[in-house]
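Everything on this sheet refers to the single structure shown next.
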Amino acid sequence: MRRPAKTRLAGTLAAIPICAILLSEAATSQTLPGQVLNNQINLGDVFAEQSLNVQTVSDGISATTTAPANSAFVSVQNADATMTSNQENSGQVLAHGVVNVSAYGGTASNITTTAVGNAGTAAAVEGTLTGRATQLNTAAVTARSQLEGDGAAFGDLSISTLASGNTHGLTLINGAMGARVSQGNTANTLADGGAIATYVSGTAAVAGTATGNNITLSGSQQSAARVITEQSSSGITQASKFTAYGNAYLSSTVATASANNLSATNEGPLLDVTSSQYNAGYVRAQAEATSYEFGAAQVGAHGVGNSALVGNTGQEVVLDNTQTNEGGGVEVIASLGGDTGYDGVASATAMGNAVTGYACSDCSGRMTVNNNQTNSADIGARTTVSVVHSGRSIVGVTTATGNNASFYVSSPTN
């Protein structure tokens, strides 16, 4: 059969109500600071769906499906400003991407599906931003990505599925920020799907991430931040990924579910974080993979009620952390199956509360921590590995922890 001329098939579908505000020195008066007031309320359902049906492509397939109910971006550059942002969503959100391949999916294919109730970003670039952001989500958020390739071959394959009730980013580049971010999620959040393929000659990376509430702070080039974060979740948070291959050279199937997640990292003189996290909902992470023949196969499932990472590769970290996990519990399942292969790894990690803090020893780093963790929910993890005939090395790791805390001072990596 003659292969068609080189092509790349791409599909992009987005349902994005966006509010974007940029303040710069040229755009503001000399009577700084500037002021930003953002109010967004979404009452209707938001959905983005697409389906690609493919026989053969040479380069690959790209399918991107995005559905946020409310989205806002505030940035200051060479300026100072204050911000107040309020976002509320009560409409169901769905992002669904399906790719069907009957013969050949190309050398590199990517499927990305994202569903978010409320999404916000605040950035300070060589400026100062102070303010308050609140987010409330009360309706289900679902993201599904699926590859149907029974009888099809692929080179490299990447599938990413992300669902979040509320997510807010704080970005600093040689900037300063003082902010308070409050998030509440009472609805179910689901990241689901997987992949079926007969042959993968390269790398197959399939990942699903579900969060009820998520806050990410990233500072660089001698930035400084002092933030207060408040997160409360009571819905079901689930990430589930299922893959089935006939023959896969390198494969990874990962599911990560967090009711409340905070990640704050900085490079500069100060990172001061006061964090409060409360979860009363059920958390489930499930990753299952089968491959009749495999080179290296990895399956990982990670589930946590409340998770916080606070680290500064600069001089000082101050952390006041309170985490409470109760109610539905945390359940994590990882499963790997195959007939014949080389290296197989499956790991399942379940935690009620987890916190990590670090500072830079090469910068005469100083760390001050006040940590309080309470878990009253059931925490369970299960790992299963089944190889019918032969393998070179098989590893299984299962960890279940009620409360976990780690604080250290270390040198930055180059």
Exercise for the section: Can you tell me how much longer the chain between residue 315 and residue 180 gets when fully stretched, taken as 0.36 nm per residue apart minus their C-alpha distance, in nm with one decimal? Expected result: 46.4 nm
Completion exercise
Using a 1.4 Å probe on heavy atoms of the protein chains only, the accessible area for residue 387 in Å², nearest 10, reads 50 Å²
Exercise for the section: Can you pull a Stokes-Einstein diffusion coefficient for the range 66-212 at 10 °C (1.306 mPa s), Rh from Kirkwood over Cα pairs, as a whole number of µm²/s? Expected result: 94 µm²/s
Completion exercise
Heavy-atom accessible area per residue of the range 130-172, all protein chains kept, 1.4 Å probe, expressed in Å², is 28 Å²
Exercise for the section: Quickly work out the residue 221-to-residue 409 label distance, labels modelled 7 Å from Cα along the C-beta direction, and quote it in nm with one decimal. Expected result: 2.9 nm
Problem - Pair residue 201, residue 126: separation of 7 Å Cα→Cβ label points (nm) - result: 4.8 nm
Fill in the blank from the handout: With bins of 5 Å, the percent of all Cα-Cα pairs of the range 348-414 per bin from 0 is 4, 13, 16, 13, 12, 13, 12, 10, 5, 2, 1
Practice task
Take every Cα-Cα pair in the chain and report what % of them are more than 37 Å apart.
Solution key: 27 percent
Problem - Solvent-accessible area per residue, Å², over the range 31-122 with all protein chains present [probe radius 1.4 Å] - result: 38 Å²
Problem - Per-pair calculated FRET efficiency, R0 = 25 Å: residue 274 and residue 378 via Cβ, rounded to 0.05 - result: 0.30
Practice task
Name the most mobile residue of 164, 258, 90, meaning the one with the largest mean-square fluctuation, in a Gaussian network model of the chain with Cα contacts below 10 Å.
Solution key: 90
Problem - the chain - percent of accessible surface contributed by carbon and sulfur, probe 1.4 Å - result: 50 percent
Problem - Distance in nm between pseudo-label sites at residue 150 and residue 45 (7 Å out along the Cβ direction from Cα) - result: 2.8 nm
Exercise for the section: Please give the FRET efficiency for residue 228 paired with residue 326, using the beta carbon to beta carbon distance and R0 = 30 Å, rounded to the nearest 0.05. Expected result: 0.85
Handout entry: Within the chain, longest stretch free of exposed trypsin sites (Lys or Arg not before Pro) [DSSP loop, at most 15 other beta carbons within 10 Å]
Key = 7-391
Problem - For residue 199, solvent-accessible area (1.4 Å; no DNA, RNA or ligand), Å² - result: 100 Å²
Practice task
When you have a sec, figure out the Kirkwood radius of the range 147-193 from all distinct Cα pair distances and drop it here in Å to one decimal?
Solution key: 15.5 Å
Exercise for the section: Subtracting the Cα-Cα distance from 0.36 nm times the residue separation, let me have the gained length for residue 392 to residue 138 in nm, one decimal. Expected result: 86.6 nm
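The values are calculated or read from the model by the stated rules, or taken from the named source; none is laboratory data. Just so it is clear, the model here is predicted, and its values are computed rather than measured. Cβ atoms come from the backbone with ideal geometry, glycine included; neighbour counts cover every protein chain shown. Remember, those area values only see protein heavy atoms, side chains included, never the ligands or the DNA or RNA. Shrake-Rupley method; radii C 1.70, N 1.55, O 1.52, S 1.80 Å.
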